[in-house]
Amino acid sequence: MSTQENYNNPSPNRSPAEDSQLPQVFNGVDPATRLQIAGQLIISAAKTENSSRQGLLKTPERFSKAMNFLLSGYESTPEKIVGDGLFPAEGRGLVSVNKAEFYSLCEHHMLPFWGNVSVAYYPSEKIIGLSKIPRVIDLFARRLQVQERMTQNIADALFALVKPRAIVVRIAGQHLCMMMRGVEKQNSFTRSEAAIGLELLTNLEQQRLFSAIEER
């Protein structure tokens, strides 16, 4: 498993007064109100905009609700998401889920990136309910992320829960931080991959594992 940083479990909830990185003006202010203030500040950055016009009056509130949803992955853990969705394996055949879509926020610019995730694994003693794999994906996607780490997060979490013989996760994503700003490349895709347990497989099994997540 990845040992550099553990992102599988969110940090303990901090009270507003405990967050030393925030300006003092936010001390004692609840997170939803902070986000509304952030929305107001963003509107104020549009220098000639009329912030009191009808279309913008409730935008800070809507922004707060949207960001709470987009960052809701910090509110749970893989164990809670999966719950009792683990079952005895009745065989050792390859299992794969392909092209499960995701939407996330880049931690560098807080701009969206999105794409699809493919997962394949060889069971050992357990299998995971198929619907739980997209739920684990969404858990990590709904955090401030980079695609490379998110790929490893998903592989680590599923490996820890299912304990398969081997697992591979592949993500293909598009990033607005490369499309609507910066280099402005509209047709670029970023692909990332994480694999655990390959050394336990035969060459044929490895080939089948990677073939299962190839784009078609």
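The values are calculated or read from the model by the stated rules, or taken from the named source; none is laboratory data. As the structure is a computational prediction, the values presented were derived from the model and not from experiment. Ideal geometry is used to build each Cβ from the backbone, glycine not excepted, and the neighbour counts take in all protein chains shown.
Restricting attention to the range 86-144, report how many residues are in contact (Cβ under 8 Å) with a residue 60 or more places away in the chain and in a helix (DSSP H, G or I).
4
Is it the case that some residue within the range 175-185 is surrounded by 18 or more Cβ atoms within 10 Å (Cβ to Cβ), touching a strand residue (DSSP E or B) at 6+ places or on another chain (Cβ under 8 Å) and not in a helix (DSSP H, G or I)?
Scanning the range 175-185, I find at least one residue that is surrounded by 18 or more Cβ atoms within 10 Å (Cβ to Cβ), touching a strand residue (DSSP E or B) at 6+ places or on another chain (Cβ under 8 Å) and not in a helix (DSSP H, G or I), so the answer is yes.
Would you call Arg62 part of a helix (DSSP H, G or I) and closer than 22 Å to Glu193 by Cα?
No, not satisfied.
Just give me the residues in the range 186-205 being assigned to a helix (DSSP H, G or I) and in contact (Cβ under 8 Å) with a residue 40 or more places away in the chain, in sequence order.
Matches in the range 186-205: Glu205 only.
Here's the yes/no breakdown for (1) at pLDDT 95 or above; (2) of a type outside the set (S, T, N, Q); (3) closer than 27 Å to Glu107 by Cβ:
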site: Ala157; (1), (2), (3): yes, yes, yes
site: Val162; (1), (2), (3): yes, yes, no
site: Arg181; (1), (2), (3): no, yes, yes
site: Arg191; (1), (2), (3): yes, yes, yes
site: Gly197; (1), (2), (3): yes, yes, no
site: Thr202; (1), (2), (3): yes, no, no
site: Leu209; (1), (2), (3): yes, yes, no
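Out of (1) part of a helix (DSSP H, G or I); (2) of a type in the set (Asp, Glu); (3) surrounded by fewer than 22 Cβ atoms within 10 Å (Cβ to Cβ), the odd one out for Asp156 is which?
The number of the failed condition is (3).
Of the residues in the range 136-166, how many are farther than 20 Å from Arg208 by Cα and more than 10 Å from the chain's Cα centre (by Cα)?
6
State whether one or more residues within the range 69-79 are at pLDDT 95 or above, farther than 30 Å from Ile133 by Cβ and either in contact with a strand residue (DSSP E or B) (Cβ under 9 Å, 6 or more places away or on another chain) or in a loop (DSSP other than H, G, I, E, B) (or both).
No: the range 69-79 contains no residue that is at pLDDT 95 or above, farther than 30 Å from Ile133 by Cβ and either in contact with a strand residue (DSSP E or B) (Cβ under 9 Å, 6 or more places away or on another chain) or in a loop (DSSP other than H, G, I, E, B) (or both).
Filter the range 41-66 down to the residues that are surrounded by fewer than 14 Cβ atoms within 10 Å (Cβ to Cβ) and polar (S, T, N, Q), then identify the one that is nearest to the chain's Cα centre (by Cα).
Checking each candidate, the answer is Ser44.
Is there a residue being of a type in the set (Lys, Arg) and either assigned to a helix (DSSP H, G or I) or closer than 24 Å to Leu144 by Cα (or both) anywhere in the range 36-51?
The answer is no, given that none of the residues of the range 36-51 is of a type in the set (Lys, Arg) and either assigned to a helix (DSSP H, G or I) or closer than 24 Å to Leu144 by Cα (or both).
Taking the range 34-84, which residues are aromatic (Phe, Trp, Tyr) and touching a Gly at 6+ places or on another chain (Cβ under 9 Å)?
Listed by number, the list holds a single entry, Phe63.
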